[in-house]
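Participant: Just passing along the structure, written as structure tokens.
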Amino acid sequence: QVQLVESGGGLVQAGGSLRLSCAASGSIFSIIAMGWYRQAPGKQRELVATITNGGSTNYADSVKGRFTISRDNAKNTVYLQMNSLNPEDTAVYYCYAASRTFGSWGQGTQVTVSS
């Protein structure tokens, strides 16, 4: 199994920036991709961005051009740089790690954007 620990959430004003981090431990050799999802109150969890071991990235349309996902393989850490935040980005953000046989979730970190 893979353990994931997120950090970097908080309260920010609209137009501001935050960077989320997700540190992976455990069976990290099995990971083939990692990503960020978010869940706002009363809404379903949705994909934000993913990155494969090869560095290919994918973004939700709502965050393209504002968010950037990256990874530091030496630190087993994935980042989500979030710029130009708006109140619609308010949610709990979850890190996800996928292997060929299972997936792992982090505990989530709250991001709140005030108008």
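Participant: Taking the Cα centre of the stretch 48-115 as origin and charging only Cβ (+1 Lys, Arg; -1 Asp, Glu), how large is the dipole, in debye to the nearest 20?
Facilitator: So the magnitude is around 240 debye.
Participant: Rounded to a whole number, what % of the accessible area of the chain do carbon and sulfur atoms account for, probe 1.4 Å?
Facilitator: Carbon with sulfur: 48 percent of the solvent-accessible area.
Participant: Moving on to the next point. Would you mind calculating the relative contact order of the chain from Cα pairs under 8 angstrom and at least 6 residues apart, reporting the percent as a whole number?
Facilitator: 37
Participant: Return the Cα extents of the stretch 34-98 along principal axes one, two and three, sorted largest first, each rounded to a whole Å.
Facilitator: Sorted largest first, the three principal extents are 35, 22, 18 Å.
Participant: Tell me the per residue accessible area of the chain using a 1.4 Å probe; a whole number in Å² is fine.
Facilitator: 52
Participant: Another question, then. Measuring from label point to label point, each 7 Å out along Cα→Cβ, what is the Ser115 to Lys75 span in nm?
Facilitator: My value for the distance between the label points is 3.5 nm.
Participant: Dipole of the chain (Lys/Arg Cβ +1, Asp/Glu Cβ -1, origin at the Cα centre): which of Val2, Asn83, Gly108 lies farthest to the positive side?
Facilitator: Farthest along the dipole direction, towards plus: Val2.
Participant: Let me ask something additional. I'd like to compare 11-24, 78-91: which one has the highest average count of other Cβ atoms within 10 Å, and what's the full order after that? Mind dumping the intermediate values first?
Facilitator: Details: 11-24: 16.3, 78-91: 18.5.
The peptides rank, most packed first, as 78-91, 11-24.
Participant: Given R₀ = 30 Å, what would the calculated FRET efficiency be for Gln39 paired with Thr101, taking r from the Cβ atoms and rounding to 0.05? Write down the numbers at each step before the final one.
Facilitator: Details: r = 25 Å, r/R0 = 0.82.
According to the calculation, E is roughly 0.75.
Participant: Same structure, new question: Quick check for me: using +1 on Lys/Arg Cβ and -1 on Asp/Glu Cβ, what's the dipole size of the chain about its Cα centre, in debye to the nearest 20?
Facilitator: 140
Participant: Sorting Ile28, Ile69 by accessible area (1.4 Å probe), largest first, what list results?
Facilitator: So, going from the largest accessible area down, we get Ile28, Ile69.
Participant: Now, a different point. Once fully extended, how much extra length lies between Asn53 and Ile28, figured as 0.36 nm per residue of separation less the alpha-carbon to alpha-carbon distance?
Facilitator: Values: separation 25, 0.36 × 25 = 9.00 nm, distance 1.12 nm.
Full extension from Asn53 to Ile28 adds 7.9 nm.
The values are calculated or read from the model by the stated rules, or taken from the named source; none is laboratory data. No experiment lies behind these values; they were computed from the predicted model shown. Every residue, glycine as well, gets a Cβ built from its backbone with ideal geometry; the counts of neighbours run over all protein chains shown. Ligands, DNA and RNA are stripped out before the accessible areas are found, and what is left, the full protein with its side chains, is counted by its heavy atoms. Shrake-Rupley method; radii C 1.70, N 1.55, O 1.52, S 1.80 Å.
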